[in-house]
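The values are calculated or read from the model by the stated rules, or taken from the named source; none is laboratory data. Note that the structure is predicted; figures quoted are calculated from it, not measured. Here Cβ is always computed from backbone atoms with ideal geometry, including for glycine, and neighbour counts include all displayed protein chains. Only protein heavy atoms, including side chains, enter the accessible area calculation; ligands, DNA and RNA are left aside. Shrake-Rupley method; radii C 1.70, N 1.55, O 1.52, S 1.80 Å.
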Amino acid sequence: MSEKDKRFARVVIGIPVDNIFDYLIPEPLIGKIKIGMRVLVPLGKSRAVGYVVGLSDKTVVNETREIHEILDEEPALNYSLLRLTKWIADYYLSTWGMAIKTALPSFLNLVKESKRRKALKYQGIRESEDQGSPHSLSFSPTGAESNALKKIEEGLNKGGFRMFLLHIRPGIRKREIYMDAISRIKEKGVIVLVPEISLTHELITSLRLRFGSTVSVLHSGLSERERLSEWRRLHKGDAWMVIGVRSAVFAPLRKVGLIIVDEEQDQSYKQEDGIKYNVRDVAIMRGKIEGATVILGSATPSIESFYNARKGRYQYIDLTEGHPGPLISLVDTSKERAVLSEKLRQEISERLRRKEKILLLLNRRGYSPFLLCRECGYTPRCPNCSITLTYHKVLRRGKELSGPVLHCHYCNHRTAPPLTCPDCGGINISFIGAGTERVEEEIRKLYPDVNLLRIERDLTGRRSTAQKISVQDADIILGTQMILKEYNLSPVTLGGIIWADRDLHNPDFRSAEKTFQLIAQLAGRVGTGDVIIQTSNPDNYSLRCAKDLDYTEFYMEEMRLRKELKYPPFSRLIRIIFKCGREEVLLKMAPDLKRIINRLMGYGSGFKSLDILGPAPANPYKLKGNFRWHLIVKGNDIPSLHKFTSDLIKMVKERKYKGIRSDVDVDPVKMV
């Protein structure tokens, strides 16, 4: 029987139920429905958008309901994207329907007919963007760049799935290397991924100048209509290249020949809501499915990627030699009380005298991390989260700036700071610790005439401020790590990290790696100037290696520790969080959870190779109104990890604890 004569469609729906539903194809629609199409189907007493993943001439279901409507003229998902979403569902322990829903623009998942019709009607391309026409740009590569281009060209010519890791030092023109590789792709599509929206603007301009209107853009900074329009351009074949953040990895290109993941180590690639997929890993899997070349680029590769390169799984291209880099100094602040050390103050004064730029970083927003009553020890805490409230003198609320205010950076709770202690009535309330706002105040006291620009989301909102920074005549630029993700900062000759120990104090096995990457990224911005790192722990190996920008030495030390503790890349991790708005329910479940784990780990279970950390209260214990317990599952056998996690969650659900929900994070990048 041909596909045109099949009477039943196999449909998945974007709900957390791992079922494939059989629906009867009504007579008028027989022969019109194709695999990959969206259809409107009945689900219970309502209707839902479903995705056709198969066709059949028979079903084991006694009574099947009819499909209401076809929503596409052509399939929304091709075979490669169906395979990719199925892999995502299986690997990240979700459902196929949820994975497909994640891969499509939100407008294409609408059920209400008026909104759906409105979405389908919108076809326009944004007029504000100058799409341009292709231009040939001259590029004379250096010896190292030429060698990299040759290796990539050889891989592209051989065809098939290939992996490259570009280890790139400052000064290497990686954008030109990327564009040269793109220019060698014939009759196939290209996906270029960056970790932050703020990084797309200059790259889009360069790509459109080189390749014209065939370049599309997909990221959350676009409106829903703009994203749908760009998606349709790609789906129709009007564009063959896409640049974007997470959602761009699902671009509906008909055939992909090249995928570039820039700054592959960046944790922004990890989706924290819904299905917790890692875009880098999804890009690699799409490359395998499509038979495409995948290029990972980074100045500080993730430990896992560098490990894969050393094992020969990726072709390693070393572009780190020959660049002197800045002079990096570690300043021990354990005996200094000032926010800015004497060494940093001296260097700032000298740069200001020479009218040179200064870039200072502190990954701590606000004025002070918390307030403390010196008379009774009271500290204002968030009612929804088990953390202290951050004090801001000025904070953005919508388009307006207001303050002073106590603010929770997790749930956005805000309240006025107390004038007297609500517990004892005391008036001796102190600001404990320093955030960027307080550092700004200190700098203005020391240098009252300086032109200081502070950049952070509490002031600028979510949109990039790169364009604003480039036109400011700032002497000192101060902010959080987000500054390093802006491309067109003015050149600086002095960089400083106010408190380098922040990540090192977190209970996260990646804390040393994050610290090394932060310092290396700042060093890349400073060029051949000076970098001052303030720390109370100057003997820490990540800081010592960062001082010399010695990635290999850091990698070796980090690998020794991870091997000893069985952390990635020597194992795989799954983090499971159980949460509930009622603490008593969660505490009642906790002993039962331990019994379930012991039962699963019992003799003959097949899970003996796994290590279980926990269960224990998560940090923070209360988050956005939910109390939380978590556990970490470690092991090397992925099927065993998956089965243990699925069995555990199933057995907890069978206990029917009211209000308890679970979150599963496969390959977590955050442990708190």
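Observations, loosely collected:
- For segment 5-81 versus segment 233-303, the gap between their alpha-carbon centres in whole angstrom: 28 Å
- Residue by residue, segment 306-321 carries 3J(HN,Hα) couplings of 5, 4, 4, 5, 5, 7, x, 6, 10, 7, 8, 10, 8, 10, 9, 7 Hz when phi is fed to the Karplus relation 6.51 cos²θ - 1.76 cosθ + 1.60 (θ = phi - 60°); x denotes Gly or Pro.
- Between LEU327 and VAL60, the FRET efficiency estimated from the beta carbon spacing at R0 = 60 angstrom works out to 0.25.
- Cysteines in the chain lacking a second Cys C-beta under 4.7 Å: CYS411, CYS545, CYS580
- Relative to the dominant Cα principal axis of the chain, helix 279-290 is inclined by about 40°.
- Computed FRET value (nearest 0.05) for THR205 with GLU342, which takes r as the C-beta separation and R₀ as 45 Å: 0.55
- The chain - mean residue ellipticity at 222 nm from DSSP helices (-39,500 (n - 2.57) per run, n ≥ 4, rounded to 500): -9500 deg cm²/dmol
- Whether segment 183-297 is rounded, prolate or oblate, judged on the alpha carbon gyration tensor where a/c under 1.5 counts as rounded: rounded
- Extension gain, SER536 to CYS376, is 54.8 nm, computed as 0.36 nm per intervening residue step minus the present C-alpha separation.
- Pairs of alpha carbons in the chain whose separation is greater than 45 Å (percent): 26 percent
- Taken along the Cα-to-beta-carbon direction at a fixed 7 Å, the label points for LYS656 and GLU583 span 2.8 nm.
- DSSP-defined beta bridges in the chain - what % are antiparallel, rounded to 5: 50 percent
- Apportionment of accessible area to carbon and sulfur, segment 133-272, percent (1.4 Å): 46 percent
- Crossing angle, helix 174-183 versus the chain [Cα axis fit, 0-90 degrees, rounded to tens]: 20 degrees
- Of the residues GLU154, GLU557, ranked by 1.4 Å probe accessible area with the largest first, the sequence reads GLU154, GLU557.
- The angle separating the long axis of helix 200-211 from the principal Cα axis of greatest extent in the chain is about 60 degrees.
- Contour excess over end-to-end distance, with Cα ends at SER609 and ARG595 and 0.36 nm allotted per residue: 3.2 nm
- Annotation: segment 292-416 has a Kirkwood hydrodynamic radius of 20.0 angstrom, from the mean reciprocal C-alpha pair distance.
- Simple label model, 7 Å out from Cα along Cβ direction - SER213 to ARG313, nm: 4.3 nm
- Taking LEU446, LEU586 and ordering them by how much accessible surface each has at a 1.4 Å probe, largest first, produces LEU446, LEU586.
- Note on VAL17 and SER349: with the Förster distance fixed at 56 Å, the Cβ-Cβ geometry gives a FRET efficiency of about 0.30.
- Accessible solvent surface per residue of the chain, calculated while the other protein chains remain in place, 1.4 angstrom probe, Å²: 46 Å²
- Derived scalar couplings ³J(HN,Hα) [segment 529-540; Karplus, 6.51 cos²θ - 1.76 cosθ + 1.60; whole Hz; x for Gly, Pro]: x, 10, 10, 10, 10, 8, 8, 9, 9, x, 8, 4
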